[in-house]
1. When a/c reaches 1.5 or more, the comparison of a/b and b/c decides; with that in mind, is the stretch 21-82 rounded, prolate or oblate per its Cα gyration tensor?
2. In the chain, which longest range has no GluC sites (Glu not before Pro) that are both DSSP loop (not H, G, I, E or B) and surrounded by at most 14 other Cβ atoms within 10 Å?
3. Just to be sure I understand: with springs between alpha-carbon atoms less than 10 Å apart, which residue in L169, L139, L32 has the highest mean-square fluctuation in the Gaussian network model of the chain?
4. Could you list the trypsin sites (Lys or Arg not before Pro) in the stretch 84-193 that lie in coil according to DSSP, counting only those with at most 16 other Cβ atoms within 10 Å of their Cβ?
5. Gaussian network model of the chain, Cα springs within a sub-10 Å range: biggest mean-square fluctuation belongs to which of G149, G80, G104?
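Only the coordinates and a few stated rules stand behind these numbers; no lab work does. As the structure is a computational prediction, the values presented were derived from the model and not from experiment. Here the Cβ positions follow ideal geometry from the backbone for every residue, glycine too, while neighbour counts run over all protein chains shown.
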Amino acid sequence: MQQGCAVILAAGTASRMGTAKQLLPIHGSSMLEQVIRLALAIDFSEVIAVIGHEENRIQQNIRVADPRFRWVVNPHYQSGQSSSFRLGIEQALPKHRSVTVFLGDQPFIKRETVHQLWERGQESLRELQVPFAIQPMYLEKPGHPVFFGNVYQGQFDCIEGDQGGRSVLTAMEQRLILPVDDPGIHVDIDTPEDFEQALHIS
């Protein structure tokens with residue numbers, strides 16, 4: 001069985017940041033590169049980063065040699081994150097039964113968390129025949145990445161604009177929760193203030 005695909009959503013304009021936040025340096029490498037490396041550290045058979053805004057600059061600055069990785073450019077990124085989500089899912093199908101969705105501005109998620117999520121997803125794929133989602137939860141609040149299992153073409157066609165994960169999750173027949181000890185699943189970097197605070201996270 002295929003080990004599943006990771007999709008990283010990183011196509012936005014970062015209007016609140018005022019610059020391409022994908023390339024902001026945190027602890028020695030860019031934010032997006034850290035998320036890519038995190039996904040590649042897990043046994044996914046493919047890792048896709050969906051980019052759009054400043055896509056040429058991003059590809060020039062982030063070089064990934066791993067053959068499992070590829071860039072996908074969303075020409076409609078200005079229509080909202082849902083277009084990148086749908087594109088990432090379309091690119092993952094039909095080769096993969098599962099897609100784990102990361103956000104490109106969350107570089108502090110622990111590798112152990114992603115591994116736990118991946119393992120729970122593999123178990124659920126063996127047990128369930130219906131579409132399902134698994135969310136990590138820290139202090140009773142769910143976060144990212146999200147594992148989507150038994151996904152199929154067209155499943156998310158109704159999602160538009162900047163509709164968030166709640167809309168996506170309503171398309172799943174089962175939602176499972178994975179408790180984790182990882183505040184990083186809630187840390188996303190949207191503003192200059194977020195970035196300043198992130199520089200002090202070890």
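1. Numbers: a/c = 1.78, a/b = 1.22, b/c = 1.45.
The shape class here is oblate.
2. 1-139
3. Most flexible of the set in this elastic network: L139.
4. Numbers: sites: R86, K95, R97, K110, R111, R120, R126, R166, R175; in loops: K95, R97, K110.
In loop regions of the stretch 84-193 (DSSP not H, G, I, E or B), the sparsely surrounded trypsin sites (Lys or Arg not before Pro) are K95, K110.
5. In the Gaussian network model the winner is G80.
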